[in-house]
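To start, the structure under review is shown below, and the notes come after it.
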Amino acid sequence: MPLPAPAPPSYSPEDCAICRESLHVAPREEESSSYVIDDVELYCNNGRPNNHHFHWACITDYVKAGGDRSKCPLCRGNTLDRRGRMIVGVTNEGGVQGGIDLGDIIDDEIFEESQPESWRLEQAFLGLMAQSDYAEAEELLRDRGVNVNCTYPSGGQTALHMAAMNDDVEGVELLLRYGADKAQLDETGWDALKAAKECGAKEVQKLLA
């Protein structure tokens, strides 16, 4: 992505400082006349007003393409705090949020995008199970061949471990139907039954015994 010229006189804080289009984005629904705000504010002006603003996609794509995250693409001001974090403010349809570590989010996205599709499907499956979205989770098991014994990135827990700890009878039943391994251990050496006992999840213990 080409670097914009620094601080043009025509720049408006209501526009993205990369693509120069409005931060007010038209809604996807044709019948809606309201606009939503997609505004990432870089703290690039040393705490003074007039920081620069960007669309989420513009600033994240800029960094992913090799742009220097330590400098504002517009004014070249410093964007990192004393701990080297790229902390930003975000305003969108969810409201106003400050203190967001955008650099950490971008690093996670770069890592996930570098993984094979099988890994991304596994993480999607684990997320669906955590949200009790069993229909979508079963579709991944049945139609996409996701490994029912896949694990979360840290801790070594499977979906069965998590369902057991939450006393999630429906989730455990689904996982066992697809061959979940009751004997698989997490990084602490617990199998699903041990996890259920430690968490006082009495209902699923009957299924796992």
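The values are calculated or read from the model by the stated rules, or taken from the named source; none is laboratory data. Worth saying up front: this structure is predicted, and the values here are computed from it rather than measured. Counting neighbours? That spans all protein chains shown, and the Cβs are built from the backbone with ideal geometry, glycine included.
Only one of the numbered conditions (1) closer than 30 Å to residue 174 by Cβ; (2) touching a residue at least 40 places away in the same chain (Cβ under 8 Å) is not met by residue 142, and that is (2). The requirement of being modelled with pLDDT under 75 and assigned to a loop (DSSP other than H, G, I, E, B) is satisfied by residue 9. Taken over segment 42-61, the criterion of being at pLDDT below 85, closer than 16 Å to residue 12 by Cβ and in contact with a strand residue (DSSP E or B) (Cβ under 8 Å, 6 or more places away or on another chain) is satisfied by 45 alone.
Under the condition of being among the small types (Gly, Ala, Ser), surrounded by 12 or more Cβ atoms within 10 Å (Cβ to Cβ) and assigned to a helix (DSSP H, G or I), the residues counted in segment 107-137 number 5. Residue 123 falls short of the stated requirement of being polar (S, T, N, Q) and free of Cβ contacts under 8 Å to residues at least 12 places away in the same chain. Taking segment 42-98 as the range and being small (Gly, Ala, Ser), outside any helix (DSSP H, G or I) and closer than 20 Å to residue 23 by Cβ as the test, the residues that pass are 67, 77, 89, 94, 95, 98. So in segment 153-174, with the set limited to residues that are on the phi < 0 side of the Ramachandran plot and within 21 Å of the chain's Cα centre (by Cα), which one is surrounded by the fewest Cβ atoms within 10 Å (Cβ to Cβ)? For segment 153-174, the residue satisfying everything is 154. Inspect all residues belonging to segment 138-146 and state whether any of them is within 22 Å of the chain's Cα centre (by Cα), surrounded by 14 or more Cβ atoms within 10 Å (Cβ to Cβ) and assigned to a loop (DSSP other than H, G, I, E, B). Checked segment 138-146: at least one residue is within 22 Å of the chain's Cα centre (by Cα), surrounded by 14 or more Cβ atoms within 10 Å (Cβ to Cβ) and assigned to a loop (DSSP other than H, G, I, E, B). Just one of the listed residues (133, 108) is of a type in the set (D, E, K, R) and outside the structural domain of residue 160 (by TED's automatic domain parsing), and it is 108.
Going through segment 70-103 one residue at a time, which ones are of a type in the set (S, T, N, Q) and surrounded by fewer than 17 Cβ atoms within 10 Å (Cβ to Cβ)? If the condition is that a residue be of a type in the set (S, T, N, Q) and surrounded by fewer than 17 Cβ atoms within 10 Å (Cβ to Cβ), then 70, 78, 92, 97 are the ones that fit.
Taking the residues in segment 62-112 that are of a type in the set (Asp, Glu) and within 16 Å of the chain's Cα centre (by Cα) as candidates, determine which candidate is modelled with the lowest pLDDT. Among those residues, the one meeting the criterion is 112.
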